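*Asks:* Structure incoming, see below.
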Amino acid sequence: MNIAHLLLGSAQEFRDLPALARGTSAHLNYRDLWRKVSVMSTHFAARFGLARGDRVAFAMANCVESIEVMYAIWHAGLCAVPMNAKLHAKEFAFILANSGAKLCFVTPDLAGTIAEAAREAPALKEIVDVTTRSYTFMAVGDPSPIADAEPTDPAWLFYTSGTTGRPKGATLTHRNLLAMTLNYFADVDRPPPGGSIVHAAPISHGSGLWNFAMLARGSVQVFPESGKYEVPETVELMNRWPQCSIFLAPTMVKRLIEHGSVAELQPEALRLITYGGAPMYVSDLKRALDLLGNKLMQLYGQGESPMTITHLSREYHGDRTHPRWEQRLASAGRADSCMEVRVVDEAGRRLPVGEVGEIIAKGDPVMAGYWNDPEATARSLRDGWLWTGDVGAFDEEGLLTLKDRSKDMIISGGSNIYPREIEDVLNRHAGIAECSVVGRPHPEWGEEVVAFVVARAGQTLSPAELDRLCLDNIARFKRPKDYKFIEALPKNNYGKILKTELRKLL
Ligand code: AMP
């Protein structure tokens, strides 16, 4: 079972519907995309000498070619290594060396960086720039049948964003990706043929993982010409292409609703925003629901179980009269249809409702292991369970509330303090643009709570008023003992706040 069969099915069913678009213009329909991919795939063996299972990487700004390349790789029975275009040369070098990729596709902006990185990746033999004749030439030839692949064959090495150290390559098999896709249809949405997705977030991460569900249902995948997330351009594309779905990280949702151009979004243009990958604060979520209507849904997943652990449905977002509406919004929802999810103590024993422990998960989307890293695999996969490193608790409705990464939890005077709870309170202050809470070593208490705060333009904030806000809303011992006002929070290439960097500042 090769995941490339999804494209073959769509080429037969949705032949003339657009499959890919550059900005407002259609690029290829389904039949032509399949033909191009099946021709391209023949070049891997004939021209580059690649054989089943070999890894092929790419470093590209979001563009239509990323989808062509990925399906050509799978069509040929090879394994894709999508890399975030914003990585540093050293990070590219690490991924290229760790994956043993023999070939790498690039957009011209990254050609130099990848050439530099290639010096430390001995297996890498060729770099193909997708704007050159070397790439165009790959579309010349005859179509070929899809290569065989076992469900357990690696299809996508998903390098984690590495907020706490070196990235690790979560090995996602054809079965993992198919299970994730079927789960999309069960729990997220069943997109209509002729619908669309705007890829505003990196294709190497969440947005790219959603490509399967959209492609399998005959939607058009739209790539902003800027290759990145610009709110006015995104709004224009959502208005241009019908029934638009979009994956956004929580900070991207916030940028959307705070940008003036959101007023131009036609009410019928947007079908669904899926958000996830980092905490969404309830105050932001409520504003998004007020502005956009009941068109949001949340997912909780990680590279190791892509996009699939729990979800908070559109229905729960929209059920404003429910007495637990706010608690529901603060949760990450219930276990996905194809997942079993537990909250456990250190020995793996299940904890009762309401008690906080590590989240573990089991199901067909869970990775086969970390590429070339048996030690990390043994730590994360135990008896078939994925230890997520996230901490949370179930409530009596079966909803999972995430507290934090276990590494970010603060222990002060023997009590556990979850930064997210404090951040949620601080974010209610209209003068705060963003904030992040970390622990600082303290001789008596072990750790004490410190808040890093970014004020909105033109606003001055005083520690006293923030302290008052905390005293009015959370237990005394949890409130920050120190406020650090800074210009911006350090973030990684996926927009995730780097608490490790904040701790270093202390
Ligand atoms: P990545 O592997 O880069 O996708 O990062 C996965 C991590 O992001 C998870 O382990 C969580 O810590 C965090 N995360 C993912 N989804 C959510 C969510 N809905 N709410 C809060 N944190 C999330």
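*Asks:* Being touching an Asp or Glu at 6+ places or on another chain (Cβ under 7 Å) and closer than 25 Å to Glu13 by Cβ narrows it down to one of Ala179, Ala170, so name that one.
*Replies:* From the options Ala179, Ala170, the qualifying one is Ala179.
*Asks:* While we're on this one: What number of residues within segment 98-112 are closer than 16 Å to Cys79 by Cα and open to solvent by 10 Å² or more (accessible area, probe 1.4 Å)?
*Replies:* Selection size over segment 98-112: 3.
*Asks:* Hey, can you tell me all the residues within segment 391-431 that are charged (D, E, K, R) and in contact (Cβ under 8 Å) with a residue 40 or more places away in the chain?
*Replies:* The answer is Asp395, Glu396, Glu397, Lys403, Arg405, Lys407, Asp408, Arg420, Glu421, Glu423, Asp424, Arg428.
*Asks:* Now a separate question. Only one of Glu236, Glu268 is open to solvent by 10 Å² or more (accessible area, probe 1.4 Å), closer than 19 Å to Ala26 by Cα and either modelled with pLDDT of 95 or more or in a loop (DSSP other than H, G, I, E, B) (or both). Can you tell me which?
*Replies:* Only one candidate passes the filter, namely Glu236.
*Asks:* Moving on. Determine the pairs where a residue that is under 18 Å from Asp424 (Cβ atoms) and among the small types (Gly, Ala, Ser), located within segment 248-259, has a partner that is outside any strand (DSSP E or B) and within 12 Å of the ligand (Cβ to nearest atom) with Cβ atoms under 8 Å apart, the partner being 6 or more residues away or on another chain.
*Replies:* Ala249/Ala201; Ala249/Gly206; Ala249/Gly277; Ala249/Ala278; Ala249/Tyr494; Ala249/Gly495; Ala249/Lys496
*Asks:* Here is a list: Leu471, Leu461. Which entry is among the aliphatic types (A, V, I, L, M) and assigned to a helix (DSSP H, G or I)?
*Replies:* Within the list Leu471, Leu461, the selection yields Leu471.
Yes/no matrix, rows are residues, columns are (1) touching a helix residue (DSSP H, G or I) at 6+ places or on another chain (Cβ under 6 Å); (2) open to solvent by less than 20 Å² (accessible area, probe 1.4 Å); (3) at pLDDT below 90:
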{"residue": "Ala430", "(1), (2), (3)": "no, no, no"}
{"residue": "Cys435", "(1), (2), (3)": "yes, yes, no"}
{"residue": "Arg440", "(1), (2), (3)": "no, no, no"}
{"residue": "Glu444", "(1), (2), (3)": "no, no, yes"}
{"residue": "Val450", "(1), (2), (3)": "no, yes, no"}
{"residue": "Leu466", "(1), (2), (3)": "no, yes, no"}
{"residue": "Phe477", "(1), (2), (3)": "no, no, yes"}
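*Asks:* Just the residues that are in contact (Cβ under 8 Å) with a residue 24 or more places away in the chain and surrounded by fewer than 18 Cβ atoms within 10 Å (Cβ to Cβ), please, taken from segment 208-226.
*Replies:* Of everything in segment 208-226, just one residue is in contact (Cβ under 8 Å) with a residue 24 or more places away in the chain and surrounded by fewer than 18 Cβ atoms within 10 Å (Cβ to Cβ), namely Glu225.
*Asks:* Restricting the search to segment 389-406, which residues are surrounded by fewer than 19 Cβ atoms within 10 Å (Cβ to Cβ) and more than 10 Å from the ligand (Cβ to nearest atom)?
*Replies:* Asp395, Glu396, Glu397, Gly398
*Asks:* Just need a number here: residues in segment 1-39 that are in a helix (DSSP H, G or I) and open to solvent by 60 Å² or more (accessible area, probe 1.4 Å).
*Replies:* Counting residues in segment 1-39 that are in a helix (DSSP H, G or I) and open to solvent by 60 Å² or more (accessible area, probe 1.4 Å) gives 6.
*Asks:* Got at least one residue in segment 184-198 being surrounded by fewer than 21 Cβ atoms within 10 Å (Cβ to Cβ), under 22 Å from Met367 (Cα atoms) and of a type in the set (A, V, I, L, M)?
*Replies:* yes
*Asks:* Look through Glu358, Glu340 and report the one residue that is open to solvent by 40 Å² or more (accessible area, probe 1.4 Å) and either over 23 Å from Asp189 (Cβ atoms) or within 16 Å of the ligand (Cβ to nearest atom) (or both).
*Replies:* The match here is Glu358.
The values are calculated or read from the model by the stated rules, or taken from the named source; none is laboratory data. Computed from a predicted structure; not experimentally measured. Please note: Cβ atoms are built from the backbone with ideal geometry, for glycine as well, and neighbour counts cover all protein chains shown. Calculation scope for accessible area: heavy atoms of the full protein, side chains included, ligands and nucleic acids excluded. Shrake-Rupley method; radii C 1.70, N 1.55, O 1.52, S 1.80 Å.
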